[in-house]
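Each remark here refers to the structure printed beneath this line.
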Amino acid sequence: MKLKRRSCHLSYYHILIYIISHLWSGIESKSGYSITVSKNVTVQQGLCVHIPCSFTVPWNYALTKNAKGIWYNKYEKPVAIKKNTESDKNDRFLLTGSIQSGDCSLYIEDPLPDDEGSYYFRVEDKTQYSYKDIQPYVKVTELTDKPKISPIKSWLVGEELEMECTFTDNCKRTSPQMKWEGNYQNAKVTTTHTTSYINGLNTHRSIIIFIVGKEQNKSPLSCILRLTERVPAITHITLNVEYPPSVDITIDGSSTDKNIIVIEGQTKSLECNVDSNPMAEITWFHDDRQLPAINQSVTYILKNISLNHTGRYSCKAHNQYGTANKTIYISVDYPPRTPEITCFMPSKDLNDSDCTMNDNNTIYISEGSLLSLTCSTNSEPVSDLKWTTSNELEKAFPTDTLNLTNFSLTDEGPYTCQATNPHGTSRTLVNVKIMYSPKIVNGRNSGCWKVGGNHLACTCVIESVPEPTLKWKLNGRSINASNHMNGKVSIFTERSKSVTNSTLTLPINTEESQNIQCVASNIHGELVLQLFNETAQSASKAFPAAAIYGGCVIAVLIVIGILLIFFYRKRKMTKYKENSRQPHVSIADPIYGNSEMFSNGYHESEQSPQKDHQPLPETGSVNLNYQDLQYMSVDFSKLNPKVAIEEEEVEYSVVKHTN
């Protein structure tokens, strides 16, 4: 039983030794030939790698001092050879170990991409053997090790910058060179200096010194290390140079000076361009007023520009190193506003007086007066002003003040002031009219006539500027609402342009005398027209005789009127201008026996009124159609008076003004 247990223990140890021997990947055992070496090795281009290696031969073949070691590459070409203590002259591969001592260590420097692959070792002495079962694989990569630049920090403008570039390797035969590249001037650069240490490491360094400015901020600075001519190692950094702000303002992206002209209604973008590090805080000001915080950004928008936007605009920038600001002045150009017209009336005795202009821009002056019209407007730039007037030919006066002398009716009309600048044109019109006291209208006589058998109609046609106050008087007493004659009297008044036309209709009183007057007055004078003044008796006799006489005359004149109507139409305006001035009629000028009649404003021969247009006395009021109304004066002097007429009420109709 004991023997069996011991044999089991021996079997266990043999199995364990066998497993361990096979797990040791770096050892080959074949009749005493073995090698220990890493299976995978990585090396960067431009650098180097040391591959430790040891080998054995059978004990009965002790290596001599003439033993030779050879490393072969993947192409079966020898890359490193050493016999005893002498190695070949290969610059990049070196067999560093003692072959006699079983040291096959390999050193590779500055490998090429083509050097990547498997390598194997061969020994040649009393015995010769190639260790192909264990072949280390050398992988060649791009250079990843970079030089180091320090210190990495911020620099203040004007400060002296001093930075060092260092690189460490363990290569034996390299002598790298360093250089600096960047945006600098007058820099002091030290040559590459190498320090070697006991552990086999080498440190290469170079120092650069210069004064930094704003132009170096955010600019690259590079240290370039050349391990070989083929492989450089480069490190880039970006300089951070801090400085106080500087400010500039642009409009719509364009640089500008201190005075800017913009056009009313436009939209402009003001940009505050700040150069600073670190970033500055920005504040906008309009004149001395700080704009709301919502506007504190690089861009400030002026929308729908108006005159309120005129003024100074300042951008202020501040950081920890200082403050800067920029100010521009914006002026706003705009088209002419509506011109304003003022007037005054120069006098020969130097007592000038202002004239008045009503809401309709109408000026009333006396005939023969002097008138001075001055036009003014606001605009930028200043507008060119001129006056224009329309008569037979349009006239223009390039001036801001228009002087009119000895003003007459032919000078009446519109006068226009026009203001023009490069941004637009504006106009204002004023009407100038002559003022005069009431007067009779040339070609349109006032008078009285019988209508409806027992009523009397009197028409008063007056021309004046301004409009007159017109009153009717019966026997010296004004006819008004307080003393009307029982609603049997009517008054109809209308105005067209400068002519006022009023008609009085009342019953014929055969019992007492009837004295009818039309009184028109304005601020320039008064006109009294005596339209009818007869006793009751003469009135009762006159009406029939006048009717018969008038009818005969009208019948004769109808033929003449037809022939002359076109002639009078053509001459109407000419006669009106020639006879516009008539002497005032005094209260002592009664109108008797006037047999002239007028229809539609044109002179006609004596005709009797048309019955279709006679007012109805029974209604108490008469609404006359003046388009067909005919007028004549009748002499009632032979009428016998009867009983006195009773007092009747006056009824007023609507007064109609036609401009």
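The values are calculated or read from the model by the stated rules, or taken from the named source; none is laboratory data. Worth saying up front: this structure is predicted, and the values here are computed from it rather than measured. Cβ placement follows ideal geometry from the backbone for every residue including glycine, while neighbour counts extend to all protein chains displayed. For the accessible areas, the whole protein counts, side chains as well, though only heavy atoms, and no ligand, DNA or RNA atoms are used. Shrake-Rupley method; radii C 1.70, N 1.55, O 1.52, S 1.80 Å.
Scan segment 252-283 for residues that are farther than 29 Å from Ser379 by Cβ and surrounded by 13 or more Cβ atoms within 10 Å (Cβ to Cβ) and report the count.
Adding up the residues that qualify gives 11.
Output the residues belonging to segment 194-224 that are open to solvent by 20 Å² or more (accessible area, probe 1.4 Å), part of a strand (DSSP E or B) and among the small types (Gly, Ala, Ser).
Within segment 194-224, Ser196 is the sole residue that qualifies.
Among the candidates Asn259, Asn202, which residue alone is in contact with a Phe, Trp or Tyr (Cβ under 6 Å, 6 or more places away or on another chain) and at pLDDT below 90?
That would be Asn259, the only listed residue that is in contact with a Phe, Trp or Tyr (Cβ under 6 Å, 6 or more places away or on another chain) and at pLDDT below 90.
When Val274 is evaluated against the numbered criteria (1) within 30 Å of Thr191 (Cβ to Cβ); (2) of a type outside the set (D, E, K, R); (3) out of contact with any Leu (no Cβ under 9 Å at 6 or more places or on another chain), which criterion, by number, is the only one it fails?
(1)
Taking segment 126-145, which residues are more than 12 Å from Lys39 (Cβ to Cβ), touching a residue at least 60 places away in the same chain (Cβ under 8 Å) and either in a strand (DSSP E or B) or open to solvent by less than 40 Å² (accessible area, probe 1.4 Å) (or both)?
Thr127, Tyr129, Tyr131, Val140, Thr141, Leu143 - these are the residues of segment 126-145 that are more than 12 Å from Lys39 (Cβ to Cβ), touching a residue at least 60 places away in the same chain (Cβ under 8 Å) and either in a strand (DSSP E or B) or open to solvent by less than 40 Å² (accessible area, probe 1.4 Å) (or both).
Does segment 284-297 hold any residues that are surrounded by fewer than 12 Cβ atoms within 10 Å (Cβ to Cβ), of a type in the set (A, V, I, L, M) and under 22 Å from the mean Cα position of the chain (by Cα), and which are they?
Residue satisfying the conditions is Ile294 alone.
On the given criteria, is Asp114 charged (D, E, K, R), in contact with a strand residue (DSSP E or B) (Cβ under 9 Å, 6 or more places away or on another chain) and either part of a loop (DSSP other than H, G, I, E, B) or at pLDDT below 70 (or both)?
So Asp114 does not fit the description; no.
Among the residues in segment 232-249, are any surrounded by 13 or more Cβ atoms within 10 Å (Cβ to Cβ), touching a residue at least 24 places away in the same chain (Cβ under 8 Å), outside any loop (DSSP other than H, G, I, E, B) and among the charged types (D, E, K, R)?
Checked against the condition, which is being surrounded by 13 or more Cβ atoms within 10 Å (Cβ to Cβ), touching a residue at least 24 places away in the same chain (Cβ under 8 Å), outside any loop (DSSP other than H, G, I, E, B) and among the charged types (D, E, K, R), segment 232-249 yields at least one hit.
Taking the residues in segment 146-182 that are of a type in the set (Ser, Thr, Tyr) and part of a loop (DSSP other than H, G, I, E, B) as candidates, determine which candidate is nearest to Asn240 (Cα to Cα).
In this case the residue turns out to be Ser175.
Suppose we keep only residues that are open to solvent by less than 90 Å² (accessible area, probe 1.4 Å) and among the hydroxyl-bearing types (Ser, Thr, Tyr) within segment 64-101. Which one would you say is nearest to Ile51 (Cα to Cα)?
Among residues in segment 64-101 that are open to solvent by less than 90 Å² (accessible area, probe 1.4 Å) and among the hydroxyl-bearing types (Ser, Thr, Tyr), the one nearest to Ile51 (Cα to Cα) is Thr96.
Listed here are the residues, each with its yes/no results for (1) touching a His at 6+ places or on another chain (Cβ under 8 Å); (2) modelled with pLDDT of 50 or more; (3) part of a helix (DSSP H, G or I).
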{"residue": "His22", "(1), (2), (3)": "no, no, yes"}
{"residue": "Glu28", "(1), (2), (3)": "no, no, no"}
{"residue": "Thr42", "(1), (2), (3)": "no, yes, no"}
{"residue": "Leu63", "(1), (2), (3)": "no, yes, no"}
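Somewhere in segment 364-380, is a residue open to solvent by 80 Å² or more (accessible area, probe 1.4 Å), touching a Lys or Arg at 6+ places or on another chain (Cβ under 8 Å), at pLDDT 90 or above and farther than 30 Å from Asn509 by Cβ?
Yes, segment 364-380 contains a residue that is open to solvent by 80 Å² or more (accessible area, probe 1.4 Å), touching a Lys or Arg at 6+ places or on another chain (Cβ under 8 Å), at pLDDT 90 or above and farther than 30 Å from Asn509 by Cβ.
May I ask you to list the residues in segment 405-426 that are of a type in the set (A, V, I, L, M, F, W, C) and surrounded by fewer than 18 Cβ atoms within 10 Å (Cβ to Cβ)?
Within segment 405-426, Leu409 is the sole residue that qualifies.
Scanning segment 44-61 for residues that are among the hydrophobic types (A, V, I, L, M, F, W, C) and in a strand (DSSP E or B), which turns out farthest from Gly200 (Cα to Cα)?
Phe55
State all residues of segment 146-193 that are free of Cβ contacts under 8 Å to residues at least 60 places away in the same chain, more than 15 Å from Phe210 (Cα to Cα) and loosely packed, with under 13 Cβ neighbours inside 10 Å; if no residue qualifies, say none.
Correct list: Ser175, Thr191, His193.
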